[in-house]
Amino acid sequence: MTSGIDARLERIGTDGSYVIVPMDHGITMGAVQGLKDIESTIDGVTSGGADAVLTQKGIAPRVHENKNGKGYIVHLNGSTTIGPDENDKRVTGTVEEAIRVGADAVSFHINVGSDHEPDQLTQLSDVTETAERFGMPVLAMAYARGPGVDPEDPEALGHAVRLAEELGADVVKTGYSGDAESFQHVVESTRLPVVIAGGSKGTDRDTIEMVRGVMDAGGAGVSMGRSIFQHEDPEAIAHAVAGVVHHDLSTDEALAEAGLALEA
Ligand SMILES: CC(=O)[C@@H](O)[C@H](O)C[C@H](N)C(=O)O
Ligand SMILES: O=CC(=O)COP(=O)(O)O
């Protein structure tokens with residue numbers, strides 16, 4: 001029998017793979033490029049092929065009419081780049097609030113290796129317990145971040161994704177280790193679907209090659225923000241990313257199919 005969590009996972013992905021566009025950066029960085037007119041960005045990325053968008057709860061009224069029937073995830077913690085410690089994500093919402101504003105899933109960020117890891121472990125554990133009671137999937141954003149921690153170290157990333165599974169998440173997002181071979185260790189560290197963050201925006205080729213590497217390593221897609229929502233054509237780059245994640249296209253095929261320059 002299909003559980004509520006399984007049914008809702010299908011709303012934020014396609015057959016177990018995921019093109020999620022997080023746009024929760026308004027708390028972290030402010031209304032950066034792509035987030036001022038968030039309505040048109042949401043319309044563009046979901047028209048292009050994103051399975052779901054992700055925001056903080058207060059943005060929900062700006063999401064639903066523009067997401068073209070795609071999935072919606074509400075993020076439940078945050079911090080700012082101008083505050084005393086960006087790794088100190090504080091709780092900003094609850095599973096119940098996310099359900100009330102129309103979410104299909106919730107997400108929660110933990111910085112494994114930071115001074116705040118102990119609190120964040122307990123908080124993620126509380127979120128998965130509540131979400132499970134309501135049949136809501138949990139996307140854990142499990143980063144390797146903290147003093148002396150290399151955020152691209154495959155061992156640290158593998159530890160972070162495993163920890164997310166141990167705490168009851170359904171999908172885990174982490175950083176990319178830089179190549180498919182090393183990322184395979186990360187993917188094999190857990191039975192959860194593993195998706196990657198994009199980080200700050202690079203060239204189109206950098207972005208799509210990174211996505212290709214994740215899929216070659218056995219990953220399940222992306223939760224990619226700035227590389228998509230800060231693109232001059234969010235619909236086209238979302239289309240290219242979905243081409244790799246959902247249609248197994250090569251980097252060149254995905255760029256060409258999306259109408260993007262091969263050398264950009
Ligand atoms: C700004 C960053 O470094 C991102 O990786 C964020 O930590 C990710 C998250 N979506 C956020 O803005 O909090
Ligand atoms: O919620 C944030 C992410 O999932 C990743 O954002 P990025 O801009 O791709 O690093």
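The values are calculated or read from the model by the stated rules, or taken from the named source; none is laboratory data. This one's a predicted model, so the numbers in the text were calculated from it and none came from an experiment. Positions of Cβ are generated from backbone atoms using ideal geometry, with glycine treated the same way; all protein chains shown enter the neighbour counts. For accessibility, only protein heavy atoms count, side chains too; no ligands or nucleic acids. Shrake-Rupley method; radii C 1.70, N 1.55, O 1.52, S 1.80 Å.
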Sorted list, accessible surface of protein heavy atoms, 1.4 Å probe, largest first, for M224, M210 is M210, M224
The answer for T14, listing residues at least 5 apart or on another chain whose modeled amide H is closer than 5 Å to its amide H, is V19
Below 13 angstrom from the Cβ of G93, what's the summed charge of the other residues (Lys, Arg +1; Asp, Glu -1)? 0
Principal axis dimensions, largest first and in whole angstrom, of the chain by Cα: 47, 45, 40
Calculated from backbone phi, Karplus (6.51, -1.76, 1.60) coupling profile of region 65-77 in Hz, x at Gly/Pro: 6, 10, 9, 6, x, 7, x, 9, 10, 9, 8, 10, 8
With every protein chain kept in place and ligands, DNA and RNA left out, what is the accessible area per residue of region 3-258? Probe 1.4 Å, answer in Å². 40 Å²
Calculate what fraction, in whole %, of the accessible area of region 64-105 sits on carbon and sulfur atoms when a 1.4 Å probe is rolled over the protein chains. 49 percent
Long-range HN-HN contacts of Q56 with modeled amide H, under 5 Å: H75
Percent of beta bridges antiparallel (DSSP, region 3-258, rounded to nearest 5): 10 percent
What does the net charge come to around G48 if you take all other residues with beta carbon closer than 9 Å to its beta carbon, with K and R at +1 and D and E at -1? -2
Tell me, what is the 1.4 Å probe accessible area of Y176, in Å² to the nearest 10? 30 Å²
Taking the alpha-carbon centre of each part, the distance from region 164-200 to region 11-45 in Å is 20 Å
For D248 and S40, extending 7 Å from Cα along the Cα-Cβ vector and measuring point to point gives, in nm, a value of 3.8 nm
Given H placed on each backbone N at 1.01 Å, which residues far from H109 in sequence or on other chains put an amide H within less than 5 Å of it? L76, N77, M141
Sequence of V244, V149 when ordered by accessible area, the most exposed leading, probe 1.4 angstrom: V149, V244
For region 240-249, what does the Karplus curve 6.51 cos²θ - 1.76 cosθ + 1.60, with θ = phi - 60°, yield as ³J(HN,Hα) per residue in whole Hz, taken in order and with x for Gly and Pro? 5, 5, 5, x, 6, 5, 9, 10, 6, 6
Sequence of K36, K89 when ordered by accessible area, the most exposed leading, probe 1.4 angstrom: K36, K89
Take the cross-link list K36/K70; K67/K173; K173/K201 and give me the ones stretching past 19 Å between alpha-carbons. K36/K70; K67/K173
Excluding ligands, DNA and RNA, the carbon-plus-sulfur percentage of the accessible area of region 171-230 with a 1.4 Å probe reads 41 percent
Note down the nm distance, to one decimal, between modelled labels 7 Å out along Cα→Cβ at E232 and at S3. 4.6 nm
MRE, 222 nm, helices only [DSSP H, n ≥ 4, -39500 (n - 2.57), over the chain, to nearest 500]: -12000 deg cm²/dmol
Stretch gain in nm, segment A31-E129, where the contour uses 0.36 nm per residue and the Cα spacing is subtracted: 32.0 nm
What is the sum of charges around T14, taking Lys and Arg as +1, Asp and Glu as -1, for the other residues whose C-beta is under 14 Å from the C-beta of T14? -3
